[in-house]
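Q: Here it is, the structure, as structure tokens.
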Amino acid sequence: MADVRIKTYSEFYKFYLTEHKNKTSRILHFIGTFFVFVFIGFAIYYNWGWKWILVPVVGYGFAWIGHAFFEKNKPATFRYPFWSLISDFKMFFEILFGKRSLDSTKD
């Protein structure tokens with residue numbers, strides 16, 4: 001993905017999925033995104049104030065562990081932050097509703 005700049009979200013999501021082939025990495029992404037929703041719920045219910053900072057730390061923490069130790073690649077977040085965030089949620093809901101597998105060989 002050297003100097004080629006992706007121009008459409010559709011093109012990006014195809015790339016995103018190639019960067020998320022490892023099952024353990026997908027599991028970590030799923031867990032992190034699930035905890036994002038949990039932490040947002042707690043933050044609203046308990047009026048956390050400054051503790052909102054935990055939401056992205058938890059979400060990205062799980063994902064980045066997946067990239068560092070299992071995918072062995074650099075997260076797309078650094079180059080395409082908005083599309084990457086949207087894709088994290090898209091993949092989460094695809095897995096949740098059975099449209100995509102945790103095992104990328106079954107996609």
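Q: Could we say that Gly59 is under 17 Å from Pro81 (Cβ atoms), of a type in the set (Gly, Ala, Ser) and assigned to a helix (DSSP H, G or I) here?
A: yes
Q: Please enumerate the residues belonging to segment 1-52 that are in a loop (DSSP other than H, G, I, E, B) and either surrounded by 17 or more Cβ atoms within 10 Å (Cβ to Cβ) or of a type outside the set (A, V, I, L, M, F, W, C) (or both).
A: Let us first name the residues in segment 1-52 that are in a loop (DSSP other than H, G, I, E, B), namely 1-8, 19-22, 46-48.
Asp3, Arg5, Ile6, Lys7, Thr8, Glu19, His20, Lys21, Asn22, Tyr46, Asn47 - these are the residues of segment 1-52 that are in a loop (DSSP other than H, G, I, E, B) and either surrounded by 17 or more Cβ atoms within 10 Å (Cβ to Cβ) or of a type outside the set (A, V, I, L, M, F, W, C) (or both).
Q: For segment 90-107, what are the residues that are open to solvent by less than 60 Å² (accessible area, probe 1.4 Å) and assigned to a helix (DSSP H, G or I)? So that I can check it myself, show each step before the final result.
A: In the first step, residues of segment 90-107 are kept if they are open to solvent by less than 60 Å² (accessible area, probe 1.4 Å); the result is 91-92, 94-95, 100-104.
Answer for segment 90-107, where residues must be open to solvent by less than 60 Å² (accessible area, probe 1.4 Å) and assigned to a helix (DSSP H, G or I): Met91, Phe92, Glu94, Ile95, Ser104.
Q: I've got another one for you. Being open to solvent by less than 60 Å² (accessible area, probe 1.4 Å), at pLDDT below 95 and either of a type in the set (S, T, N, Q) or assigned to a helix (DSSP H, G or I) (or both) is the filter here, so list the residues in segment 62-89 that pass it.
A: The answer is Ala76, Thr77.
The values are calculated or read from the model by the stated rules, or taken from the named source; none is laboratory data. These numbers were taken from a predicted model, which means no experiment stands behind them. With ideal geometry, Cβ positions are generated from the backbone for all residues, glycine too; neighbour counts draw on all protein chains shown. Each accessible area value is taken on the protein alone, full model and side chains, heavy atoms only, with ligands, DNA and RNA left out. Shrake-Rupley method; radii C 1.70, N 1.55, O 1.52, S 1.80 Å.
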